[in-house]
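Notes follow once the structure below has been shown.
Bear in mind that the values in this text are calculations on the coordinates, not laboratory data. Because the structure is predicted, anything quoted here is derived from the model rather than measured. Positions of Cβ are backbone-derived with ideal geometry, glycine not excepted, and every protein chain shown enters the neighbour counts.
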């Protein structure tokens with residue numbers, strides 16, 4: 001388990017650190033359109049991330065480990081401050097809504113329609129395990145961390161490729177080769193073609209088994225000595 005502060009995703013053969021970025025750029029929707037429509041079309045404020053895809057790529061069931069830095073942990077930052085959200089995808093960027101204002105509504109913060117439920121647990125003091133409550137589809141996502149008043153929020157972005165999970169399953173499925181049935185052991189028979197009499201050597205585990213020739217009781221096997229049987 002990682003020990004240094006940061007965000008990690010569990011991936012073979014160990015943990016991969018997810019490099020986050022400070023939320024520094026926000027963009028509002030068209031004020032003109034909102035004004036012309038007298039606020040019927042809400043003016044939204046979005047956080048935008050450069051590039052169509054994240055650097056970190058995971059499968060549809062990622063498991064993250066979060067260790068806040070000492071100063072942030074002392075200020076009360078923990079896994080409960082993380083929000084998982086689906087990013088809107090544009091040609092050269094990704095974005096998510098943080099505020100909206102119109103004649104019918106006004107909101108501030110991460111839109112609930114873009115949030116995805118997280119399952120959180122504290123594995124040991126200061127080390128948190130986070131995973132989505134349901135399987136994610138292919139697309140662009142981010143873990144949004146509000147770090148307190150006066151401190152810029154942090155975003156840990158990642159891409160989901162569900163085909164990765166299928167490939168991993170196919171790689172790790174081992175098919176056992178068919179096992180041929182064991183042939184029954186045959187007792188060694190020594191025969192004398194002239195007399196028509198043969199010798200059968202009988203042993204048993206555990207010792208003391210009854211010996212039959214066809215349906216006829218022969219004897220109790222008490223030692224491995226041979227007994228002549230009429231063929």
| request: Kindly put 114, 53 in sequence by how many other C-beta atoms sit within 10 Å of each C-beta, fewest to most. | output: 53, 114
| said: Please rank 91, 124, 44, fewest neighbouring Cβ atoms within 10 Å first, as an exposure proxy. | reply: 91, 124, 44
